[in-house]
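K.L.:
Right, I'll just put the structure down here and ask away after.
Please treat every number below as a calculation from the coordinates, not as lab data. On a predicted model such as this, the values are computed, not experimentally measured, just so you know. Cβ atoms come from the backbone with ideal geometry, glycine included; neighbour counts cover every protein chain shown.
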Amino acid sequence: MITRHDLSAACYALSKAKGYAATVVLTLGLTLGALIAMFNLNYQILAAPLPYPDEEQLIVGSTDWRDKDGTVLYSDMFAPAIMTRLYRQPSAQISQQALLGYSYTALTLRDKADTPKVQAVYTTPGYMQMYQMPLLHGRAFSAQEDIGSHQAVAIISEHIWRTHYNADPALIGQTIQLGATAFKVIGIAASQFEEPHLLGPARSNDLWLPWDFGPAASTTEPSALFGWHFYLVKLQPSASMATFSQEVGPQIQQQFQDGIANIPTQQGRSLRFAPQSLRDSLNGDSGNKTFWMLAGSLLLLAIASANISNLLLSRAAQNHRSMAIRAALGAQRHHLRRIVFTELCCLLSAALLIALLVAQGCYLLLQQYAGDALPQLHLLTLNLPVLVFAVLVSSLLALIFATLIGRQLDYSRLQRGIQSSGKGQSAQVKSQTRQYLIGTQILLATLLLVCSAQVLVQSIYQLRQDIGFATANRFQVDIDNISPPSTEQSAAQRQLAERQRKTELMQVRDLLQLHPAIASAAVSNYPPVAFDGLYGSHSFLLQAGETSSNVRTRAVTTDQYYLPMFALRLLEGRNFVAQEVTAQSRVVIINQTFANALLAKSPGDSVVGRQLHVNNGEPYEIIGVVADLHLPDQYAASEPLRSYLPSNLIQGTSLLYQLKPGMQLTKTELNQLMSQVSPYYRAANVYNIADNVDRVLLSNYLAAAVTAALVLLSFVLAAIGIYGVLHYNVQMRRFELGVRMAIGARPSTILRQLLGENLKPVLAGLALAATGLVALWLAMQKTTFTIALSSGGFALPLLLIVLMTVLTTLLSVWSIIRKPAIYALQGR
Amino acid sequence: MTTNTALNASLGAATPATIALRGITKVFATDEMETHALRGIDLDIYTGDFVSICGPSGCGKSTLLSLLGLLDMPTSGSYQIEGHEVSGLSLSEAAYIRNEKIGFIFQSFNLIDELTVFDNIALPLRYRRTSLPKAEIEARVQACLQKVDMTHRAGHRPNQLSGGQQQRIAIARALVGNPALLLVDEPTGNLDSKNGDAVMEMLQQLNNDGTTLCMVTHDPRYADMASRKLHLLDGRILDADGSPLQQHVTLKQVAP
């Protein structure tokens, strides 16, 4: 048992070795803090209970759309017609159910002058019951507001209620204008409602509207598939996901097959029911990412522990005299171990406090920078399981360190040690051991530094690369369009309505271009990078009539202003002309990757003038080739095929504009301009394209930040470790160095000698590290990982290590060579 | 035990020897050579004795003191403390005996810097086989502090004291466990003559009060203050005329 005296002595001893104590506490505090944060992150994702009752019975149902060869064309697809039928005739295996569809574009609160943007979901009454939505005022959806009732009611979030309606309880029963419909507010969802973020943590909703008003409600064709829609289920306690899937899966498959029977292009395709537990659905593949983050932090702690071990061994050697005295006075082994353990407990307690603070800092950083990428981050905080984990790891480290030092305490040598301790000598570790320690430190440091520097250099390269288009002062206007829905119209009417909408938006564009703040404006379905990550698509047949030559492209339907506005470089051919846009001519501009693919298939000098085909349609003439974009893409490993078309625009169209430098344009001004053309358009939100790009590059920023921190941390750890060993080495040779100085060695001679000696194990460590890296590289060649090595990623760590060796050698010997030789001789 | 009784009886001693060494040798072996530090030492120290050991450097003084203090074990021979054979004890048992029976005073004081004066003195009591009550530890430490006239320094750290004061604290620490034998290694070696004299007076006084002392010293003045003076040369105890001293009969001679 640790006594007060032990504690007091340990605290005093550490107060006399402030540098040592601070180094150990900070090193362990930083690395243990990172480990605690990563443990908490994994705990929240993998194990922490979800805030819903009977969470293990909650299922999220969607389907995989598969091609004839079984490959998944799209996962998480939803067939509204089939699922609605399932909803009306539910399985006996479920106790509760709901349909849930996320709105694709933001709505605006039309009754507010600044038309604030709100996100909505369309759902059924079961949603509020399953996820136990707490209501501040009013009520949840009732059976009377279920599917098919067409009751225009709404539940709004407490945030919206407070921000835009002054927290007025009288709002219940009043109507709010959303799109073309006035919805009666029946409830205010309390802010403590933990909404299940099925689209990821970035998407939060402010409005819950009846299913009937969502985009999927009026769909009747079984072959029609929607994304962002789900069938939510709570199973009976006796049921399992497998049995439920076995019952429902074949029904869905059969109905889909019936639905596509008359569609030739869909033949052979299937729709497979793919239910997931709520936890899996919420987490996606986050568990993999966070697991590797945990593994990384564990490795960092291991390396830090190796460094600390060296420092502790140095410390133990320095404490040899005091241990020898205690042994001479009758201290048993356990007494000596207790002294070591007490000091370690003091150090680790302080490190634990620092670690908890560091973990808290990590939570803030994660919430700030990874909030859109990782789930459950808002729940990261100090909790009992994390505290227990932290204390256990600290205790384990204390025990490991105590055992390590305990093994170095040669009790019989200690007892004899007191004989010589009075004669100016003390315990020493063999020169060979010291060299081994230095070599090991260099090996570890080099491996860590080179690996993290490689990732850092790659990330910086990606971040510095020209993305291929201009973003400064360019904005995307998300339009809330309340034009009468076109789905109930005939195809001809729909086309007419779309043409009308395009004409109107181009009129708004022309008005915008007259505005003194505007440099340029364009109309398009999407900018090069959209705020919501969505993009349009268009399929072409490379050979007329050959369905096997079908390729899917990222399609931008736009006008003649789009390419110049984003400074998209035309490599050959020309841009659209106004007449082609107005007439919706069958012309297309493609990107270089697409052009290369075409040239690979049928070689030639140029693709301009060639034709692309569509199913049963007229050919499109390629009129130009633009440069590729250089952006990481969550849907494609490399630059995808891109097409730019002047064809019809669809709902969800964006206005794009470029401001003159230093100019501004308010949303109200935008709304006024749009109202001059049509009463149906409102600006839902205005997004800075540069922010959209930053969002896409977030993972690169994160990788750069994390690896930069890792490089810095591993450098600091390596410096600490190497300094510890060198300092120890020098301290052990204090008397010898004093003698050398006494017989005439100059400080520079001593320094040169030590540098020469230290560089030998450093070079040995570097050689070993190089061997290890080559082995690692060869091993990676046999995997699917692709590695791009950079010379900077090698040169930088090597330079740092040599520099560090020189500096630490100088630092460790400085206290000796700057004083007269007598100080070293007398051990002062 | 029979042997000890026979030995004591044969010596005719009224009081049994506190320390009895018979045929003690110590050989330090390296790969290349063997060094015979002690070559058959026979020595008895009785309760109340003040023995001084003198001799040139390398004669084996410190080795003998280390063996007496159970800091090291002899290569051969018998070593008894209060009639108990201790030459073959385990390290742990040796530590207990050292803690309870032997007090050390070193040339370089060997106080522990991170402990206060009080805690330095209390240290041997805290290593006892059975822990002592806190009140008793306090009382014994205070008594020792009074004995060396250092009560006012109880809360200080060793590095706040002069050399003479540190040696007085070392003496107090050596006394606190009521040892059967006080081993003193060059007690004045690190002190000026004034402080050296003061320390020696203190040791003399302790001996007068009944403490058994065995002291290694180079200084003939201080060696003369002992009741018995032994000379060591090349690992052997010498007689006054320089011949090896046959101080006692061997165990073999007295065996029945």
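K.L.:
Over the protein assembly as shown, what is the percentage of antiparallel beta bridges among all DSSP beta bridges, to the nearest 5?
P.N.:
Within the protein assembly as shown, antiparallel bridges account for around 70 percent of the total.
K.L.:
Oh, and also: Counting only C-alpha contacts under 8 Å and six or more residues apart, can you give the relative contact order of chain A as a whole percent?
P.N.:
16
K.L.:
Same structure, new question: With respect to the cross-link table entries A:Lys16/B:Lys229; A:Lys18/A:Lys760; A:Lys117/A:Lys660; B:Lys61/B:Lys101, which display a Cα-Cα separation exceeding 32 Å?
P.N.:
As for pairs spanning more than 32 Å Cα to Cα, those are A:Lys16/B:Lys229.
K.L.:
Rounded to the nearest 0.05, what FRET efficiency do A:Ala600 and A:Ser191 give with R0 = 60 Å and r taken as the Cβ-Cβ distance? Could you check?
P.N.:
The value I calculate is 0.60.
K.L.:
Another question about this same structure. How many Cβ atoms of partner chains, on average, are near each residue of B:111-118 if near means within 10 Å of its Cβ?
P.N.:
The shielding value for this peptide is 6.
K.L.:
Right, next: Starting from the Kirkwood radius over alpha-carbon pairs of chain B, derive D by Stokes-Einstein at 37 °C in a medium of 0.692 mPa s and give it in µm² s⁻¹.
P.N.:
So the translational diffusion coefficient is about 172 µm²/s.
K.L.:
Now for a separate question. Say each of B:Asn178 and B:Ser162 gets a label point 7 Å from the Cα, pointing the same way as Cα to Cβ; how far apart are those two points in nm?
P.N.:
3.4
K.L.:
Treating the beta-carbon of each Lys and Arg as +1 and of each Asp and Glu as -1, no other charges, what is the dipole magnitude of the protein assembly as shown about its Cα centre, to the nearest 20 debye? Don't jump to the answer; show the numbers that get you there.
P.N.:
Details: 82 positive and 77 negative charges, 533 e Å.
That gives the protein assembly as shown a dipole magnitude of about 2560 debye.
K.L.:
Still on this model: Just the number, please: Stokes-Einstein D of chain A in µm²/s, Kirkwood Rh from C-alpha pairs, 25 °C, 0.890 mPa s. Don't skip to the end; give the middle numbers.
P.N.:
On the way: Rh = 31.9 Å.
For the chosen part, D equals 77 µm²/s.
K.L.:
So for chain B, averaging the separation of alpha carbon pairs under 8 Å that are six or more residues apart and normalising by length, what relative contact order in percent results?
P.N.:
Values: 459 pairs, mean separation 74.9, N = 256.
Contact order relative to length: 29 percent.
K.L.:
Same structure again: Could you check the simple spin-label distance between A:Gln753 and A:Ile400, using points 7 Å along Cα→Cβ, in nm with one decimal?
P.N.:
Simple spin-label model gives 3.8 nm for this pair.
K.L.:
How big is the charge dipole of the range A:239-361 about its Cα centre, in debye rounded to the nearest 20, if each Lys and Arg gets +1 on its Cβ and each Asp and Glu gets -1 on its Cβ?
P.N.:
On the way: 10 positive and 5 negative charges, 197 e Å.
In total the dipole reaches around 940 debye.
K.L.:
Let me ask you something else. Whats the longest run of chain B with zero GluC sites (Glu not before Pro) that are DSSP loop and have at most 16 other Cβ atoms within 10 Å?
P.N.:
Numbers: sites that count: B:Glu32, B:Glu82.
That would be B:83-256.
K.L.:
Can you pull the mean other chain C-beta count within 10 Å for peptide A:319-328?
P.N.:
The shielding value for this peptide is 5.
K.L.:
Which whole-angstrom value gives the distance between the alpha carbon centres of the range A:526-561 and the range A:333-395?
P.N.:
With the range A:526-561 and the range A:333-395 each reduced to a Cα centre, they are spaced 50 Å.
K.L.:
Angle, helix B:2-11 long axis vs. longest principal axis of chain B, Cα atoms, 0 to 90°, nearest 10?
P.N.:
Helix B:2-11 sits at roughly 90 degrees to that axis.
K.L.:
What ranking do A:671-681, A:743-753 get when scored by the average of other Cβ atoms within 10 Å per residue, highest first?
P.N.:
The most tightly packed comes first, giving A:671-681, A:743-753.
K.L.:
How much mean residue ellipticity at 222 nm does chain B get from its helices, if each DSSP H run of length 4 or more adds -39500 (n - 2.57) and you divide by all residues, to the nearest 500 deg cm²/dmol?
P.N.:
Mean residue ellipticity at 222 nm (helix-derived): -10500 deg cm²/dmol.
K.L.:
Highest mean first, how do A:549-558, A:198-207 rank when packing is the count of other Cβ atoms within 10 Å averaged over residues?
P.N.:
Top to bottom by mean Cβ count within 10 Å: A:549-558, A:198-207.
K.L.:
Let me ask something else. Rounded to the nearest 10 degrees, what's the angle between the helix A:384-408 long axis and the longest principal axis of chain A, both from Cα atoms, 0 to 90?
P.N.:
Computed tilt is about 30 degrees.
K.L.:
While we're on this one: What percent antiparallel are the DSSP beta bridges of the range A:56-283, to the nearest 5? Don't skip to the end; give the middle numbers.
P.N.:
Values: 36 of 45 bridges.
Of all bridge pairs located within the range A:56-283, approximately 80 percent are antiparallel.
K.L.:
Compute the long axis of helix A:4-15 from its Cα atoms, compare it with the longest principal axis of the Cα atoms of chain A, and write down the angle in degrees, 0 to 90, nearest 10.
P.N.:
So the helix axis and the longest Cα principal axis differ by about 80 degrees.
K.L.:
Restricting to Cα pairs below 8 Å that are 6+ residues apart, what does the relative contact order work out to for the range A:474-698? Please round to a whole percent. Working shown, then result.
P.N.:
Details: 420 pairs, mean separation 80.1, N = 225.
Across the range A:474-698, relative contact order equals 36 percent.
K.L.:
If you average the alpha carbon positions of the range A:244-302 and of the range A:118-189, how far apart do those two centres end up, in angstrom?
P.N.:
Using only Cα atoms, the two centres lie 31 Å from each other.
K.L.:
Could you work out the mean count of beta carbons from other protein chains within 10 Å of each residue's beta carbon in A:332-339?
P.N.:
Partner-chain Cβ atoms within 10 Å, mean over residues of A:332-339: 2.
K.L.:
Here's a follow-up. Given R₀ = 56 Å, what would the calculated FRET efficiency be for A:Ala113 paired with A:Asp69, taking r from the Cβ atoms and rounding to 0.05?
P.N.:
Working: r = 55 Å, r/R0 = 0.98.
Once the sixth-power term is evaluated, E becomes 0.55.
K.L.:
Here's something else I'd like to know. In whole angstrom, how long is each semi-axis of the equivalent ellipsoid of the range A:474-698, when you take the square root of 5 times every eigenvalue of its Cα gyration tensor and sort them from largest down?
P.N.:
29, 21, 16
K.L.:
Here's something else I'd like to know. Taking the alpha-carbon distance from B:Lys194 and a cut-off under 17 Å, which aspartates and glutamates remain once sequence neighbours fewer than 8 residues away in the same chain are dropped?
P.N.:
Within reach: B:Asp149, B:Glu186, B:Asp219.
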